[in-house]
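Engineer: Before I ask anything, let me first share the structure, which is written out below as structure tokens.
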Amino acid sequence: MDSCIQELKFSHLHIPVTINSKFLVHPSSPTPADQSPRHSLYLSNLDDTVGARVLTPSVYFYRSSNDQTKNRESLVLKRLQDALAEVLVLYYPLSGRLREVENGKLEVFFGAEQGALMVSASSSMGLDYLGDLTVPNPAWLPLIFHYPKEEAYKILEMPLLIVQVTFFTCGGFSLGIRLCHCICDGFGAMQFLASWAATAKNGRLIADPEPVWDREVFKPRNPPMVKYTHDEYLAVEERSNLTNSLWETKPLQKCYRINKEFQCRVKSIAQGQDSSLMCSSFDAMAAHIWKSWVKALDVKPLEYNLRLTFSVNVRTRLEALKLREGFYGNVVCLACATSSVNNVMNDTLSKTTRLVQEARVRVTEDYLRSMVDYVEVKRPKRLEFGGKLMITQWTRFEMYETADFGWGKPVYAGPIDLRPTPQVCVLLPQGGVESGGDQSMVVCLCLPPSAVHKFTRLLSLND
């Protein structure tokens with residue numbers, strides 16, 4: 001394997017976790033929700049896409065500090081709880097719940113028995129027994145709280161923020177978070193997390209910038225004007241062997257650390273094949289991953305059309321629509337590149353990179369408004385996986401910098417298990433307390449066992 005790419009291994013283990021207590025955390029002082037028993041909040045169609053109807057899980061690991069104070073666990077829990085109660089005054093929508101109103105649209109509502117859910121847990125293991133804490137591991141699932149017999153993708157009347165604090169015998173702990181994507185996108189989540197962490201670290205409420213709701217900015221036009229086909233949402237009959245390869249076998253979660261030199265090499269290859277190609281490193285790497293994945297899975301039939309989707313942050317592309325500083329709602333659109341199996345497999349890297357680049361550039365304010373209107377008219381009810389690979393970029397988020405609650409940066413910050421949605425590929429920053437200025441990224445995706453060797457070879461450009 002190319003020295004610029006490292007296949008990462010994780011331990012297959014069982015983590016014993018005991019739930020010690022569960023309690024609701026309410027805002028520490030009155031909020032607008034307390035002023036009216038019928039208070040509710042509008043969600044835009046960017047918040048209310050079918051793909052946002054999830055509680056996004058992530059976990060943060062913190063090593064033991066030199067502080068061996070008696071009752072340290074209760075002090076850690078109290079600091080996190082008190083800071084969360086303070087921050088929820090400004091981020092009070094996270095203490096509400098979701099319900100469906102007319103035409104299946106969601107809104108946030110409030111009640112006396114609501115609040116964010118906090119869970120205190122403990123494990124009889126030390127962090128050192130968990131193996132490499134820089135590689136997302138499905139074995140970490142017990143560190144994220146789920147209700148017994150909880151339905152998959154259930155969000156109605158669920159807490160919109162669920163936090164599990166798990167203490168390990170070494171004195172370290174993990175913070176397992178499930179945050180409703182309808183309330184905020186990744187950038188909004190980082191804004192909230194930064195406020196919570198800074199408040200815990202400093203012992204006083206810190207919110208810079210102060211959060212604003214303002215979801216009405218993205219109300220649909222009347223009448224709606226859908227100007228694009230929005231292939232990313234189309235229901236496509238799965239006529240290839242792709243679904244069978246990933247959903248009906250037992251896929252493996254694989255992770256690869258790719259350094260900056262290799263990322264630049266892939267971009268250079270794409271631009272070397274076409275001197276007119278103006279692309280980003282992401283465009284080239286996304287195309288390279290897509291091509292490698294399709295070839296490794298040996299997708300058939302060759303004439304079947306595939307889709308590569310990825311989210312684009314539209315904040316910097318808004319012109320007529322204006323957002324106030326502190327807006328933490330969803331301002332992302334799915335970009336979609338389409339091509340036949342044959343072309344993805346056999347076209348040059350530059351041609352496939354151009355497809356990705358064109359899809360990314362196509363996402364403008366006009367495209368976003370068309371998408372808002374499309375959701376208003378169609379209101380898609382199910383995720384469409386036909387012929388699709390979805391790339392999610394966590395590399396854009398300052399997860400490590402924002403998550404210092406007073407115990408230093410986390411050793412790891414990110415997702416856990418991709419296997420429930422095996423057509424998702426996640427790009428993670430190389431972070432942690434020892435990463436320094438490392439600009440490597442970690443590529444995580446799912447593969448059937450039979451495809452692992454071929455994918456690894458193709459990803460490494462050893463074809």
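The values are calculated or read from the model by the stated rules, or taken from the named source; none is laboratory data. Source: prediction; values computed, not measured. Note that each Cβ is placed from the backbone with ideal geometry, even for glycine, and that neighbours are counted across all protein chains shown. The protein model used for the area step is the full one, side chains on, heavy atoms only, and it has no ligands, DNA or RNA in it. Shrake-Rupley method; radii C 1.70, N 1.55, O 1.52, S 1.80 Å.
Engineer: Out of 77, 127, report the one residue that is among the hydrophobic types (A, V, I, L, M, F, W, C) and in contact with a strand residue (DSSP E or B) (Cβ under 6 Å, 6 or more places away or on another chain).
Structural biologist: 77
Engineer: Further question: Criterion first (surrounded by fewer than 21 Cβ atoms within 10 Å (Cβ to Cβ), assigned to a helix (DSSP H, G or I) and among the charged types (D, E, K, R)) does residue 360 satisfy it?
Structural biologist: Working: surrounded by fewer than 21 Cβ atoms within 10 Å (Cβ to Cβ): yes; assigned to a helix (DSSP H, G or I): yes; among the charged types (D, E, K, R): yes.
So residue 360 fits the description; yes.
Engineer: Still on this structure, please answer the following. With the condition kept exactly as written, say whether any residue in region 177-194 is in a loop (DSSP other than H, G, I, E, B), charged (D, E, K, R) and buried (at least 21 other Cβ atoms within 10 Å of the Cβ).
Structural biologist: yes
Engineer: For region 257-291, which residues satisfy the criterion of being open to solvent by less than 40 Å² (accessible area, probe 1.4 Å), hydrophobic (A, V, I, L, M, F, W, C) and not in a loop (DSSP other than H, G, I, E, B)?
Structural biologist: 258, 262, 266, 270, 282, 284, 285, 286, 287, 289, 290
Engineer: I'd like the residue in region 365-399 that is assigned to a loop (DSSP other than H, G, I, E, B) and open to solvent by 20 Å² or more (accessible area, probe 1.4 Å) and, out of all such residues, is nearest to residue 195 (Cα to Cα). First the steps, then the outcome.
Structural biologist: From region 365-399, those assigned to a loop (DSSP other than H, G, I, E, B) are 379-387, 397-398; that's our starting set.
With the extra rule that they be open to solvent by 20 Å² or more (accessible area, probe 1.4 Å), the set shrinks to 380-385, 397-398.
Values: 380: 33, 381: 33, 382: 33, 383: 32, 384: 35, 385: 35, 397: 15, 398: 13 Å.
The residue in question is 398.
Engineer: Look through 227, 254, 300 and report the one residue that is touching a helix residue (DSSP H, G or I) at 6+ places or on another chain (Cβ under 8 Å), surrounded by 20 or more Cβ atoms within 10 Å (Cβ to Cβ) and either of a type outside the set (Gly, Ala, Ser) or on the phi > 0 side of the Ramachandran plot (or both).
Structural biologist: Only one candidate qualifies: 254.
Engineer: For region 324-341, which residues satisfy the criterion of being surrounded by fewer than 16 Cβ atoms within 10 Å (Cβ to Cβ) and either under 27 Å from residue 267 (Cα atoms) or touching a strand residue (DSSP E or B) at 6+ places or on another chain (Cβ under 7 Å) (or both)?
Structural biologist: Once the filter is applied, which keeps residues that are surrounded by fewer than 16 Cβ atoms within 10 Å (Cβ to Cβ) and either under 27 Å from residue 267 (Cα atoms) or touching a strand residue (DSSP E or B) at 6+ places or on another chain (Cβ under 7 Å) (or both), region 324-341 yields only 324.
Engineer: Out of all the residues in region 292-329, which are within 21 Å of the chain's Cα centre (by Cα) and either in a loop (DSSP other than H, G, I, E, B) or in the same structural domain as residue 90 (by the TED database) (or both)?
Structural biologist: Correct list: 314, 326, 328, 329.
Engineer: Quick check on region 230-251: of everything there that is acidic (Asp, Glu) and open to solvent by 60 Å² or more (accessible area, probe 1.4 Å), which residue is nearest to residue 5 (Cα to Cα)?
Structural biologist: Ranking the candidates gives 248 first.
Engineer: Scan region 98-140 residue by residue and report those that are on the phi > 0 side of the Ramachandran plot and either among the polar types (S, T, N, Q) or buried (at least 21 other Cβ atoms within 10 Å of the Cβ) (or both).
Structural biologist: Residues satisfying the conditions are 103, 115.
Engineer: Moving to a separate point now. Find the residue count for region 55-74, including only residues that are under 30 Å from residue 392 (Cα atoms) and either open to solvent by 50 Å² or more (accessible area, probe 1.4 Å) or out of contact with any strand residue (DSSP E or B) (no Cβ under 6 Å at 6 or more places or on another chain) (or both).
Structural biologist: Pass one, region 55-74, residues under 30 Å from residue 392 (Cα atoms): 55-63.
The next check asks that each one be either open to solvent by 50 Å² or more (accessible area, probe 1.4 Å) or out of contact with any strand residue (DSSP E or B) (no Cβ under 6 Å at 6 or more places or on another chain) (or both); those that pass are 57, 63.
Result for region 55-74: 2.
Engineer: Quick one: is residue 438 open to solvent by 30 Å² or more (accessible area, probe 1.4 Å), assigned to a loop (DSSP other than H, G, I, E, B) and modelled with pLDDT of 95 or more?
Structural biologist: It is false that residue 438 is open to solvent by 30 Å² or more (accessible area, probe 1.4 Å), assigned to a loop (DSSP other than H, G, I, E, B) and modelled with pLDDT of 95 or more.
Engineer: Being open to solvent by less than 50 Å² (accessible area, probe 1.4 Å) and either under 20 Å from residue 214 (Cβ atoms) or touching a Gly at 6+ places or on another chain (Cβ under 7 Å) (or both) narrows it down to one of 321, 308, 349, so name that one.
Structural biologist: 321 is the lone residue from the list that is open to solvent by less than 50 Å² (accessible area, probe 1.4 Å) and either under 20 Å from residue 214 (Cβ atoms) or touching a Gly at 6+ places or on another chain (Cβ under 7 Å) (or both).
Engineer: When you scan region 1-54, how many residues do you find that are assigned to a loop (DSSP other than H, G, I, E, B) and open to solvent by 70 Å² or more (accessible area, probe 1.4 Å)?
Structural biologist: 10
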